[in-house]
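The structure appears below as structure tokens.
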């Protein structure tokens with residue numbers, strides 16, 4: 001079995017250190033696996049360091065071949081993959097566009113188009129070993145040049161909305177916003193070396209993120225389904241935005257992964273759009289129009305359970321941020337933000353907004369499951385002081401407007417927040433927008449709720465959403481001290497040392513009142529009995545080659 | 001007759017012109033254009049970038065000029081870019097500006113591109129119209145015979161128990177809007193809350209393969225609403241005919257009641273309902289918006305909701321034109337049909 005070929009005799013020193021931390025309880029097993037595999041260990045080797053055997057994957061013989069799986073999902077218009085802003089786009093494109101690495105449900109990373117990778121001592125240089133024997137579905141061989149082509153595209157910060165440039169910031173020349181001279185070296189046709197400008201522990205993990213689809217050098221930047229050249233096992237058949245997107249197995253193409261990981265099993269995958277109203281999805285389930293939900297949420301989890309469907313749960317660092325945009329009055333006033341934060345009890349929002357299907361968070365967007373999490377305690381709940389702060393700032397009679405999407409749990413969480421604010425004597429109006437209009441302006445609303453998917457490392461989300469000028473910085477938060485501390489944290493490979501810096505970052509988040517971040521969600525998906533391998537994934541990834549269905 | 005037809009066609013064009021102008025003006029208000037710019041060029045762009053994006057994409061000219069371009073009576077905008085290449089409304093990306101036509105609007109058969117669906121408007125509208133056509137056809141098949149039967153039965157003997165109970169039913173169905181009856185029907189017949197689960201509460205699969213299970217509820221929801229109204233009209237017309245002199249004569253002559261109704265009364269009683277049925281089409285379009293959204297059936301009504309919700313200017317305009325056309329054509333047919341049914345009426 002070729003996927004064991006990367007087991008190395010010399011195991012990265014940091015990985016051994018993480019293993020010690022895991023054993024002494026400083027690191028959870030999930031975090032350990034993420035971090036150790038990010039340093040280039042294979043999953044079995046990482047499990048080996050803990051004295052465990054890796055769970056054996058389900059192989060071809062247990063899964064039936066053929067069949068069609070229909071999943072409910074919002075079917076969005078595709079664009080250049082590096083501009084993807086929704087997992088759904090990535091999930092459809094995943095049929096034919098693959099990734100260098102893949103983030104597994106248990107928190108490990110494994111190579112897809114990369115066979116393996118190694119980091120140097122301080123995680124400032126990575127050697128990527130490109131998988132041998134991979135071909136594009138037009139017959140071209142997949143080589144180091146394709147990897148370099150894609151990383152170069154990711155690093156182009158001049159493209160509006162390219163979120164990969166932020167993820168690859170240690171490869172980018174800040175002067176030109178392009179790939180830095182000498183950042184990539186091609187060693188041979190199947191080996192690439194990345195020279196980072198600063199240690200960056202998240203760079204490999206970032207290559208598993210959904211905008212990091214690997215495209216063919218002939219790709220021209222339009223809808224990738226128009227001319228679907230990719231390495232994947234499926235091809236798009238139908239792409240009707242808002243209606244349906246379908247993938248069919250590409251019979252002409254011999255997919256590299258069949259020998260390595262098994263699959264693909266399904267002949268056909270259909271994504272059907274039912275909008276954002278969960279009751280429409282219940283109707284679809286009861287009508288047997290779908291075999292799996294994209295995500296089940298809130299009250300509807302019990303309903304799907306009662307219909308006899310199987311539930312799959314993923315524990316995650318996904319959340320909703322009820323955030324303020326500091327560019328808009330009155331949220332440019334720190335006291336106002338702090339006051340609104342103090343007036344709400346996050347536990348109540350979790351209970352009313354999300355049926356307690358998660359854990360209470362502490363308003364700093366770093367989750368206890370992140371390796372570098374530091375426990376600095378929650379923001380105290382004190383409605384009386386909140387009112388005093390507002391009076392001091394001169395906004396006691398101001399009517400705040402809290403905007404949310406019409407999605408069930410997000411609207412409920414905002415309702416719970418608004419109700420608590422009203423209990424504290426603050427005027428709040430609620431506005432609920434349909435999903436089709438909400439996202440047009442999500443970065444601009446003065447006070448609104450946004451759903452955030454998890455990232456495997458705590459620094460990743462801070463880099464994406466709270467660094468000055470980051471492309472998804474919806475709070476307009478700009479703080480020099482925060483940015484420099486974040487740079488520092490990005491270079492510390494040791495979780496314990498990083499968590500000291502993280503404690504400062506978390507404190508700034510709380511003291512500056514950047515966002516109300518009430519809880520961490522568990523994610524759920526339901527599918528009908530007979531669906532296999534389509535378990536819920538913490539970052540919503542669909543690994544089509546694992547999916548199967550009993551007819 | 002020809003003059004009449006001509007007058008009607010002119011009215012139709014004029015109405016379409018007025019309506020699209022209104023829709024065009026509303027969708028092109030400043031904040032709506034800003035929304036378009038942001039959804040196209042990224043939601044983070046600054047106000048200056050919004051202005052320059054609008055300028056670069058032909059939104060900078062006066063509304064009336066752009067309306068003319070959309071119609072195809074004014075030449076489409078052309079803008080020379082920094083690198084010397086020319087972009088324009090009538091120049092598809094990647095094609096040679098030299099060979100592009102000057103005019104490209106509705107008159108030339110170009111309906112524009114939908115910003116939400118990233119497809120030509122004409123494609124989306126024909127797809128959704130076909131779906132709605134299917135729905136309408138089955139609605140008519142259920143509604144018209146049902147309503148006529150109800151109306152005739154009720155109107156045969158005015159004031160009888162049958163009349164009272166059937167009238168009550170038809171008033172009830174007409175008085176219940178689709179968004180109420182649809183939800184009730186789903187709860188009763190499709191959800192496991194009641195447990196009947198005879199039909200599907202979602203009509204998504206009916207888009208490809210409509211059958212009794214997945215298409216009944218949307219069809220019935222729309223049909224029930226229209227049915228009551230047509231039944232009431234039929235009943236009124238039937239009772240009027242049943243009191244006419246010639247019916248009394250027939251009864252005195254000893255003709256069987258059955259024959260009186262079928263042979264003598266029915267034809268005359270059906271003149272009024274015919275107009276009403278034709279006038280129901282515009283109303284059905286109305287109901288289609290609600291029912292298609294409720295049952296997640298991606299036809300014309302659903303498209304209208306998406307276009308309006310996303311300020312998809314060209315799609316919304318296309319939808320408006322088609323709606324005007326449907327309303328006025330059905331009225332025209334009803335007027336002409338009326339003449340043939342009732343020879344006493346002359347058009348001119």
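The values are calculated or read from the model by the stated rules, or taken from the named source; none is laboratory data. All values reported here derive from a predicted model rather than from experimental measurement. FYI the Cβ positions are ideal-geometry reconstructions off the backbone, even for glycines, and counts take in every protein chain you see.
Laid out as a table, the results:
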| read-out | value |
| --- | --- |
| Those residues of the range A:508-541 which are surrounded by 24 or more Cβ atoms within 10 Å (Cβ to Cβ) and in contact with a helix residue (DSSP H, G or I) (Cβ under 6 Å, 6 or more places away or on another chain), in sequence order | A:513, A:516, A:518, A:526 |
| Filter pass, residue A:235 being in a loop (DSSP other than H, G, I, E, B) and either away from every other protein chain (no Cβ under 14 Å) or surrounded by fewer than 18 Cβ atoms within 10 Å (Cβ to Cβ) (or both) | no |
| Residue satisfying all of: in the range B:1-53; part of a loop (DSSP other than H, G, I, E, B) and farther than 21 Å from residue B:328 by Cβ; nearest to the chain's Cα centre (by Cα) among these | B:28 |
| Qualifying residue in the range A:425-436 (condition: touching a residue at least 24 places away in the same chain (Cβ under 8 Å), within 22 Å of residue A:317 (Cβ to Cβ) and within 14 Å of chain B (Cβ to nearest Cβ)) | no |
| For residue B:187: the one exception among (1) more than 18 Å from residue B:134 (Cα to Cα); (2) in contact with a helix residue (DSSP H, G or I) (Cβ under 9 Å, 6 or more places away or on another chain); (3) within 11 Å of another protein chain (Cβ to nearest Cβ) | (2) |
| Residue match in the range A:453-467 (condition: surrounded by fewer than 23 Cβ atoms within 10 Å (Cβ to Cβ) and over 16 Å from the mean Cα position of the chain (by Cα)) | yes |
| Identity of the residue in the range B:163-184, touching a helix residue (DSSP H, G or I) at 6+ places or on another chain (Cβ under 8 Å) and over 17 Å from residue B:221 (Cβ atoms), that ends up nearest to the other protein chains (Cβ to nearest Cβ) | B:171 |
| Residue in the range B:142-158 that is away from every other protein chain (no Cβ under 14 Å), within 24 Å of residue B:314 (Cα to Cα) and either in contact with a strand residue (DSSP E or B) (Cβ under 8 Å, 6 or more places away or on another chain) or in contact (Cβ under 8 Å) with a residue 40 or more places away in the chain (or both) present | no |
| Filter pass, residue A:247 being more than 9 Å from chain B (Cβ to nearest Cβ), in contact (Cβ under 8 Å) with a residue 24 or more places away in the chain, crowded, with 23+ Cβ neighbours inside 10 Å and assigned to a loop (DSSP other than H, G, I, E, B) | no |
| Residue match in the range B:190-207 (condition: more than 30 Å from residue B:267 (Cβ to Cβ), part of a helix (DSSP H, G or I) and more than 11 Å from chain A (Cβ to nearest Cβ)) | no |
| Residue match in the range A:208-225 (condition: within 14 Å of another protein chain (Cβ to nearest Cβ), in a loop (DSSP other than H, G, I, E, B) and modelled with pLDDT of 90 or more) | yes |
| Subset of the range A:416-441 (residues that are closer than 17 Å to residue A:353 by Cβ, in contact with a strand residue (DSSP E or B) (Cβ under 9 Å, 6 or more places away or on another chain) and surrounded by fewer than 18 Cβ atoms within 10 Å (Cβ to Cβ)) | A:419, A:422, A:430, A:431, A:432 |
| Flag for residue B:221 being in a helix (DSSP H, G or I) and away from chain A (no Cβ under 14 Å) | no |
| Matching residues, the range A:297-341, being within 14 Å of chain B (Cβ to nearest Cβ) and under 30 Å from residue A:531 (Cβ atoms) | A:299, A:300, A:302, A:303, A:304, A:305, A:306, A:307, A:308, A:309 |
| Looking only at the range A:116-128, and only at residues there that are surrounded by fewer than 20 Cβ atoms within 10 Å (Cβ to Cβ) and touching a strand residue (DSSP E or B) at 6+ places or on another chain (Cβ under 7 Å), the one that is modelled with the lowest pLDDT | A:118 |
| Among the candidates A:424, A:386, A:396, A:416, residue that is under 29 Å from residue A:504 (Cα atoms) and touching a helix residue (DSSP H, G or I) at 6+ places or on another chain (Cβ under 7 Å) | A:386 |
| Looking only at the range A:269-296, and only at residues there that are away from chain B (no Cβ under 14 Å) and out of contact with any helix residue (DSSP H, G or I) (no Cβ under 8 Å at 6 or more places or on another chain), the one that is farthest from residue A:77 (Cα to Cα) | A:292 |
| Identity of the residue in the range A:166-175, without any contact (Cβ under 8 Å) to a residue 12 or more places away in the chain and in a loop (DSSP other than H, G, I, E, B), that ends up farthest from the other protein chains (Cβ to nearest Cβ) | A:175 |
| Top-ranked residue of the range A:147-165 - restricted to ones that are touching a strand residue (DSSP E or B) at 6+ places or on another chain (Cβ under 8 Å), buried (at least 21 other Cβ atoms within 10 Å of the Cβ) and in a helix (DSSP H, G or I), ranked as farthest from the other protein chains (Cβ to nearest Cβ) | A:147 |
| Test: residue in the range B:112-127 that is surrounded by fewer than 17 Cβ atoms within 10 Å (Cβ to Cβ), over 23 Å from residue B:324 (Cα atoms), at pLDDT below 85 and within 13 Å of chain A (Cβ to nearest Cβ) | yes |
| Subset of the range A:448-489 (residues that are farther than 20 Å from residue A:373 by Cβ and in contact with a strand residue (DSSP E or B) (Cβ under 8 Å, 6 or more places away or on another chain)) | A:448, A:449, A:450, A:451, A:474, A:475 |
